[in-house]
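Below is one structure, written out as structure tokens, with a few remarks after it.
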Amino acid sequence: MTEPELDSVIDRWRDAGAAYNGPVFPPKPVTVAPMDIEQLLLDTARAMRYVARLYNTTATWLHEFGDIVAKHRLRRMIADKLSVDDHAPLGAVFDCAQIGQNPQEFRSIIAVLQPARKAIPLFKSLESDPAMLRFAKERTGSVGARWRIYIDDEPIRPKVIRPANWIMRRHPDFVLRADFKGDLRASILASLAFDDGATESELALARAAGGSRAQVRNALDNLEMTGRVRRHRSKAGTRIELLRFQ
């Protein structure tokens, strides 16, 4: 990844509440546009091997705010957009994030991710340093062993994430995602907001959101009833309009 691409990943996590060094947002955060957190997670999987701090910070954010993730849509995006080479870092992050949880929140996402084809260090900089590579291999924990990457079992560190009230005030769309606990309704709203062509028909929306057409139709009934979407029916089909994502 290029340096601007890596900077973009860090900046978006800072905007989502990761307490990285950088521009300080005001104590009373300004409301911003909806954030595509699923795309950020895919970009993070690609960036993690170059920016070591992303691993623990992302796992901690997911541990605290996993309900925000639109899980159906993320599974579809993993299948469509994520290289198999980037599966293991993302799998390890989700695995780390759900340690101690019962039931495990990200089981359905982990199920579509694959371990590395050969054992590698998580952080690419170690590949050229035999001593550090050996050290990383010796310290590899249970999560790393499952994904065939050299990484120790790092604890979740809540202090690296801003408080929930700060994050929710800055991103009102996260409140609704959390209320829906990341279910198909969250994926539908995210697809309508971010995925090209998703508004064209119920079939296109089902494809983008990662659900069946029947599941999406039922979810749309609820979203239309609560005034968040509107369906425009005609002989040519059904178009869906996003009215509000919060």
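Just so it is clear, none of the values below were taken in a lab; they were calculated from the coordinates. Being a predicted model, the structure only gives us computed values, none of them experimental. Because the Cβ atoms are built from the backbone with ideal geometry, glycine has one as well, and the counts that use them run over all protein chains shown.
Coupling constants for the range 204-218 follow from the phi torsions by the Karplus curve (6.51 cos²θ - 1.76 cosθ + 1.60, θ = phi - 60°), and in residue order they are 5, 5, 4, 5, 5, 7, x, x, 6, 4, 5, 4, 5, 4, 5 Hz; glycine and proline get x. Annotation note: GluC sites (Glu not before Pro) in the range 135-216 located in DSSP loop regions with a Cβ neighbour count of at most 15 within 10 Å are 200.
Working note: Karplus 6.51/-1.76/1.60 with θ = phi - 60° gives the range 52-67 the couplings 4, 5, 4, 4, 5, 5, 5, 4, 5, 4, 5, 4, 7, 10, x, 5 Hz, where Gly and Pro are set to x. Take each peptide in 140-151, 228-239, 185-196, count the other Cβ atoms within 10 Å of every residue, and average; sorted highest first, the result is 185-196, 140-151, 228-239. Is the C-alpha gyration tensor of the range 143-206 telling us rounded, prolate or oblate? Criteria: a/c under 1.5 is rounded; beyond that, a/b larger than b/c is prolate, otherwise oblate. Oblate.
Using a cut-off of under 18 Å, list every residue of the range 210-231 whose amide N is near the label point 7 Å from the Cα of residue 200 along the Cα-to-beta-carbon line. Correct set: 210-211, 213. Phi-derived couplings, Karplus 6.51 cos²θ - 1.76 cosθ + 1.60 at θ = phi - 60°, listed residue by residue for the range 84-101: 4, 5, 9, 5, 4, x, 5, x, 5, 5, 5, 4, 4, 5, 9, 4, x, 8 Hz, with x used for Gly and Pro. Fewest-first ordering of 69, 32, 84 by other beta carbons within 10 Å of each residue's beta carbon gives 84, 32, 69.
For the pair residue 183 and residue 164 in one chain, pulling the backbone fully straight at 0.36 nm per residue adds 4.9 nm over the alpha carbon distance. Taking log10 I(q)/I(0) by the Debye sum over Cα atoms at q = 0.10, 0.16 Å⁻¹ as calculated from this structure, the corresponding entry among [x] -0.42, -1.17; [y] -0.50, -1.28; [z] -0.51, -1.17 is [z]. From helices alone, the chain scores -15000 deg cm²/dmol at 222 nm; the rule is -39500 (n - 2.57) for each run of n ≥ 4 DSSP H residues, then divide by the residue total.
Each residue, residue 226 and residue 134, gets one label point 7 Å from its Cα in the Cβ direction; the gap between the two is 5.7 nm. Residue 240 sits among other residues whose Cβ lies under 11 Å from its own Cβ, and their net charge, with Lys and Arg +1 and Asp and Glu -1, is +2. At full extension, residue 33 and residue 118 could sit 26.6 nm farther apart than now, given 0.36 nm per residue minus the alpha carbon distance.
Each of 37, 110, 240 has some number of other Cβ atoms within 10 Å of its Cβ, and from fewest to most they run 110, 240, 37.
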